[in-house]
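Okay, structure first, notes after.
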Amino acid sequence: METSRLPRRGFTLIELLVVIAIIAVLIALLLPAVQAAREAARRAQCTNNLKQIALGAVNYESANGAFPPALMVQGAGFSTNIGFSSLVRICPFVEQTAAYNAANFMQPFFMPENWTVPGIAIATYNCPSDPSAGESEPLQFGDPSRGMRQVHSHYSGVVGPWNAFGLQGGPTGLSITPGLAQYAKGVIIADLVTVASVSDGTSNTMMYTENGHGVYGQQTRARMHIWSGNDADGSSVETRFAPNWARKYSDPANDPDNNALSLWAIRNAMSFHPGGVNVAMCDGSVRFLKDSVDSWMITSPQINGLPVGATAATPFGLNLNGGKVGAYQALSTRNGGEIVGADQY
């Protein structure tokens with residue numbers, strides 16, 4: 001008996017290449033969609049984090065009669081107490097009472113009694129889109145032999161259009177530099193701000209936003225945004241420059257070494273969300289401000305940090321001299337009297 005065998009037909013090289021090409025095209029189309037979906041989820045979590053922080057600050061104000069200060073100086077002489085950050089003060093109102101109880105408010109944040117506090121990781125204070133989320137390193141102001149750690153926050157209080165902070169030494173110890181109060185136009189400042197003083201409206205006044213911690217190099221970011229307390233000048237956000245300005249800045253003609261970044265980047269809002277930053281308002285709401293939000297123009301070279309028409313004031317402020325105030329700057333002032341329309345941001 002004879003049997004016939006049918007020839008077995010496999011894929012030709014051309015067919016195999018076509019299949020591979022189709023799969024590659026499908027992956028190329030699908031991957032951006034997956035990444036966009038993941039970023040949307042991360043941005044939603046970031047929004048929720050800021051919502052919790054804002055509500056914590058609002059509840060703090062209800063309980064204490066003022067919003068949490070960015071910095072308070074108490075005592076005199078060698079017992080001068082440079083206080084904790086506003087994020088520590090709102091801990092009981094964001095379900096972090098244990099972290100609050102770990103802080104000794106009778107001592108400065110950098111004293112040995114408080115070395116454990118910087119190492120307490122609070123997920124609410126981290127933006128999941130920031131690549132530095134969850135990072136920790138040896139405590140910068142402690143004894144390295146004790147193995148103490150520190151973590152950071154990706155959110156900072158809004159001090160106003162320009163960062164009006166400063167400490168001066170004297171016969172009675174440290175104190176806030178006189179005259180700064182007239183330049184500190186925001187809500188989270190080195191002073192006590194009541195909700196009654198927010199005459200621009202709580203829904204039109206920013207309170208917290210993103211600081212872009214992961215933008216900086218490892219050595220640089222180890223010194224900034226320590227969540228429990230740090231240099232308030234570098235841990236508060238101003239609105240001098242539009243959101244994410246530092247991530248796009250380049251001025252080879254007037255500032256070939258990009259020195260403006262070393263002066264202003266840390267003080268201005270940045271994020272890893274495409275096109276803008278999340279911002280918490282004084283009424284507890286959270287909005288997304290685009291990079292293209294209406295903002296005043298900074299004269300060139302931008303290393304001077306002066307809006308068009310403004311002049312520097314002593315010690316840490318600006319005289320606008322009637323110059324333009326952008327919608328972004330208006331949203332950061334609590335009592336500037338500006339009228340801001342929703343179409344401006």
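The values are calculated or read from the model by the stated rules, or taken from the named source; none is laboratory data. This one's a predicted model, so the numbers in the text were calculated from it and none came from an experiment. FYI the Cβ positions are ideal-geometry reconstructions off the backbone, even for glycines, and counts take in every protein chain you see. When the accessible area is computed, the model is the full protein with side chains, heavy atoms only, and any ligands, DNA or RNA have been set aside. Shrake-Rupley method; radii C 1.70, N 1.55, O 1.52, S 1.80 Å.
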Packing-based order for 184-192, 45-53, using average beta carbon neighbours within 10 Å, highest first: 184-192, 45-53
Share, in percent, of DSSP beta bridges within the chain that are antiparallel, nearest 5: 85
Gap separating the Cα centres of region 14-70 and region 261-311, nearest whole Å: 21
Label-point separation in nm, Ala196 to Glu338, each point 7 Å along Cα→Cβ: 2.6
Equivalent ellipsoid, region 217-311 (semi-axes from 5 times Cα gyration tensor eigenvalues, Å): 22, 19, 13
Farthest toward positive dipole pole in the chain [+1 Lys/Arg, -1 Asp/Glu at C-beta], among Gly214, His225, Ser85: Gly214
Theoretical gain in end-to-end length, Asn259 to Arg247 [0.36 nm per residue, Cα-Cα removed]: 3.0 nm
Of Pro307, Pro274, Pro256, the one that fluctuates the most in a GNM where the chain has Cα springs shorter than 10 Å: Pro256
Accessible surface of the chain, 1.4 Å probe, proportion on carbon and sulfur as whole %: 57
Cβ crowding within 10 Å averaged over residues, with 206-214, 85-93 ranked highest first: 206-214, 85-93
The chain - convex hull of alpha carbons, volume per residue in Å³: 231
FRET efficiency, Thr311 to Met106 (Cβ-Cβ, R0 41 Å, nearest 0.05): 0.45
Pair Phe288, Ala123: separation of 7 Å Cα→Cβ label points (nm): 2.2
Cα-centre dipole for the chain with unit charges at Cβ (Lys and Arg positive, Asp and Glu negative), debye to 20: 640
Principal-axis tilt of helix 13-64 within the chain, Cα atoms, nearest 10 degrees: 20
Whichever lysines have a C-alpha closer than 30 Å to that of Lys324, once near sequence neighbours (fewer than 8 apart) are set aside: Lys185, Lys248, Lys290
Solvent-accessible heavy-atom area per residue, rounded to whole Å², over the chain at 1.4 Å: 49
